[in-house]
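The block underneath contains the structure these notes are about, expressed in C-alpha cells.
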Amino acid sequence: MHSFWEDCKRELEKRIDPHNFISYIKPTSAIGIRESELTVMVPSAFFADWIEKNYMAIIREILGVKLGPDARVKFVVDAQKPKVEVRAPAPVVRHKKKTLPTQFKPQYAFESFVVGKSNEFAYASALACAKNPGSKYNPLYLYGGVGLGKTHLIQSIGRYILEQNPEARVLYISSDQWVNQLISRIQKGQMDEFRNTFRNLVVLLVDDIQFIAGKERTQEEFFHTFNELFHDGKQIVISSDQFPKDIKKLEERLKSRFASGLIADLQPADLETKIAIINQKSKMNGYVIPRDVAEFLAATIKSNIRELEGCMARVVAVASLTGRPIDLAIAKETMEGVYSDEKKHVDIPRIQKAVTEYFSLKPNDLKSKGRSRNLVVPRQLAMYLCREITDDSLPQIGKLFGGRDHSTVIHSHQKVKKDLESNTKLYKDLTAIKKMLEL
Ligand code: ADP
Ligand code: MG
C-alpha cells in the first residue's frame, strides 16, 4: 500500500513541474488501501483540493496500471500536523537535496521524448551513448534548429547515466557558461581549478557549442579538454544549431574533431509527432487537449516545439481564466494575430519588396538589366531567397525578375550560397531580410 503511492510519487516527480511536486506531492503519504481505493494523507484540505484539481487525471492513470481502471484516491487531512497553507503559485524550494544535480531539468528524460521520423536517429544515438558512454559514438554531435529537442536529448543522456550510477561524474554545460567560467577563472588566476572541473568526467555534455566560435582562448582550452577526455575514452556529446563545418569562425581543428564521431541531426517534427508531443505534454501537466485543437496547434506552429508548448499553455490559461472549455474556438482566438497564415505566406513579390527596401533600391531595380554591383548583389540575394523559400519553379522566378533565364537563377543561387560561407556582410544582410519577412 505504501509502495503503490511511493511508486506513484516517483512517477509524478518525473512528469510534473518540479516545484509543484516538492510543494504538493512530496509531503503526502499513503495510510491505507481498500480494494482499489488508496487513502492518502495530506497536510491540509488545501492540498487535497489542489491535487484533485491539477493532478487527479495523471494520478489515476499511474495508479490504474497497478490497481486497475477503478483506481481511486481518497484524501484525509493529517490532524497531527500544524496547518500548512501553500498557495499557488508554488514557492520555489531551493535547498532541497536532490539526487539529480541542479544542472539537469527533471522533465528532460528519454521517457518523455516523443520519437518520430524527424528525430529517431538522434534519439537512438543519444540513447546508445547513454547506455555505453565512451565506446562507439565518440564524440556524438547533435544538431538541429531552435526548439527541436537538442537540450532535451543531451540532458537525457546525463540523467540516464546518473540514474545508473549516481556517483558518476557527469557535466552538462552550455558553451556560453563555459566561456564565462573560463573568463572568471582567468581573472582569478585559477586555471588549474578550471581544468580540474573537466578531469575525471565520465561524460561531458556541451550544449550549443556554436557560442565558442570566434573566441580564441576558449577554443584553445576546449580543444585540449576535448583531446584529454577523448584519449581517456570519455564520452563527449556536443549540440549545435549547425553542422560542424558550417559554424563560422570555428577553428578547423575543432570542426574536424567534431565531425570525427557520430553526427545526428534533428529535423522539424511532422504533424503526427507534433500532435503526439502535445498529448504527452498535456498529460504531464494533467489536462486534456481535444484532438482538433491539437491538430490546429500542430499545423499552425511549423517547427519550434518550445513555441508549441508556449501556445498550448496560453490556450489552457485563457480557457481556465475565462472558465471556458479548451476547444477549437478558443484556440483560434488565442492564436489569432500571433500566427496568422497571411503573415507566414512569403511569395516572390514580398521577397522582392523586402530586398528592395532593405537596400534602398527603386521599385523596378531588381527587374532591370542594370549590372552595377549595388544592383547585382541584391538581385542575386533576392533570387536566392525565392529559391530557398518559395515553391516556385526556376523559370517562374526568372520571369518575375525581368524575364531572366532559369540558368541565371541557378547561378545566382549557387553564388550566394557559396559567398555566404565567407562573406559575413552578406550573411548579415540575409539575416536582416529574413527578419523583415518574419522568417
Ligand atoms: P533546443 O535545445 O533544440 O532548442 P529543447 O531541447 O530546449 O530545444 O526543446 C524545446 C522544448 O521542446 C523542450 O521543452 C522540450 O522538452 C520540447 N521537445 C522538443 N522535442 C521534443 C520531443 N521529441 N518530445 C518531447 N518534447 C520535446
Ligand atoms: Mg537548447
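The values are calculated or read from the model by the stated rules, or taken from the named source; none is laboratory data. Predicted model only: the values in this text are computed from it and were never measured. Using ideal geometry, Cβ is built from the backbone for each residue, glycine included, and neighbour counts are taken over all protein chains shown. Please note that ligands, DNA and RNA were not included when accessible areas were found on the heavy atoms of the full protein model with its side chains. Shrake-Rupley method; radii C 1.70, N 1.55, O 1.52, S 1.80 Å.
Assorted remarks:
- Net charge dipole size for the stretch 102-266 [Lys, Arg +1 and Asp, Glu -1 on Cβ; Debye, nearest 20]: 100 debye
- Averaging the sequence gap over all C-alpha pairs within less than 8 Å and six or more residues apart, then dividing by the number of residues, gives the stretch 170-312 a relative contact order of 19 percent.
- Heavy atoms of residue 199 accessible to a 1.4 Å probe, total area in Å² rounded to 10: 90 Å²
- Per-atom-type breakdown for the chain gives carbon and sulfur 52% of the accessible area (1.4 Å probe, protein chains only).
- The simple spin-label model puts a point 7 Å past each Cα toward its Cβ; for residue 333 and residue 115 those points are separated by 4.1 nm.
- For residue 38, residues with placed amide H under 5 Å, excluding near neighbours: 72, 73, 74
- The slack between residue 34 and residue 195, meaning 0.36 nm per residue of separation minus the straight C-alpha distance, is 52.2 nm.
- Partners of residue 245 within straight-line reach, counting lysines whose Cα lies under 18 Å from its Cα and excluding those fewer than 8 residues away in the same chain: 215, 255, 417, 418.
- Dipole size of the stretch 344-436 about its Cα centre, with +1 on Lys/Arg Cβ and -1 on Asp/Glu Cβ: approximately 240 debye, rounded to the nearest 20.
- Degrees, to the nearest 10: 291-300 long Cα axis against longest axis of the chain: 30 degrees
- Whole-Hz ³J(HN,Hα) from phi, Karplus 6.51 cos²θ - 1.76 cosθ + 1.60, for the stretch 277-283, glycine and proline x: 5, 4, 4, 5, 5, 6, 4
- Label zone at residue 283, where the point sits 7 Å out along the Cα-to-Cβ direction: the stretch 289-317 residues whose backbone N lies under 14 Å: 289
- Relative to the Cα centre, the charge distribution of the chain, modelled as +1 at Lys and Arg Cβ and -1 at Asp and Glu Cβ, gives a dipole magnitude of about 1020 debye.
- Calculated SAXS-style log₁₀ I(q)/I(0) at q = 0.23, 0.24, 0.26, 0.30 Å⁻¹ - the stretch 261-304, Debye, Cα scatterers: -0.76, -0.80, -0.89, -1.07
- Applied to the stretch 189-195, the Karplus parametrisation 6.51 cos²θ - 1.76 cosθ + 1.60 on θ = phi - 60° returns per-residue 3J(HN,Hα) values of x, 10, 5, 5, 4, 4, 5 Hz, with x for Gly and Pro.
- Mean shadow area of the chain, taken as a quarter of the surface of its Cα convex hull (nm²): 26.8 nm²
- Surface listing: 198, 211 arranged by accessible area from highest to lowest gives 211, 198, probe 1.4 Å.
- Gyration tensor verdict on the stretch 271-339 (Cα atoms; rounded if a/c is under 1.5, prolate if a/b is larger than b/c, oblate otherwise): oblate
- The shape of the stretch 344-436 comes out rounded: with a ≥ b ≥ c from the C-alpha gyration tensor, a/c is under 1.5.
- To the nearest ten degrees, helix 406-419 and the longest principal axis of the Cα atoms of the chain are 60 degrees apart.
- A Förster radius of 41 Å combined with the Cβ-Cβ distance from residue 368 to residue 253 puts the calculated FRET efficiency at roughly 0.30.
- Solvent-accessible area per residue, Å², over the chain with all protein chains present [probe radius 1.4 Å]: 53 Å²
- Dipole of the stretch 344-436 [Lys/Arg +1, Asp/Glu -1 at C-beta], most positive-end residue of 424, 349, 383: 424
- Checking the cross-link pairs 14/274; 105/283; 150/302; 362/434; 302/369 against a 26 Å limit on the alpha carbon distance flags 302/369 as lying beyond it.
- For the stretch 102-266, the relative contact order is 35 percent, taking Cα pairs closer than 8 Å that sit 6 or more residues apart in sequence and dividing their mean separation by the residue count.
- Remark: spin-label model distance residue 357-residue 188 equals 4.9 nm, labels positioned 7 Å along the Cα→Cβ axis.
- Most positive-pole-ward Cα, 409, 282, 229, against dipole of the chain from beta carbon charges: 409
- Principal-axis tilt of helix 150-164 within the chain, Cα atoms, nearest 10 degrees: 40 degrees
- Selection from 156, 329, 358, by position along the positive dipole direction of the chain (Cβ): 358
- Rolling a 1.4 Å probe over the protein heavy atoms leaves residue 296 with an accessible area of roughly 50 Å².
- The chain: relative contact order in percent, alpha carbon pairs under 8 Å with at least 6 residues between: 13 percent
- Extended-chain gain in nm, criterion 0.36 nm per residue less alpha-carbon gap, residue 75 and residue 438: 125.6 nm
- Ordered from highest to lowest accessible area with the whole protein assembly present and a 1.4 Å probe, 26, 362 read as 362, 26.
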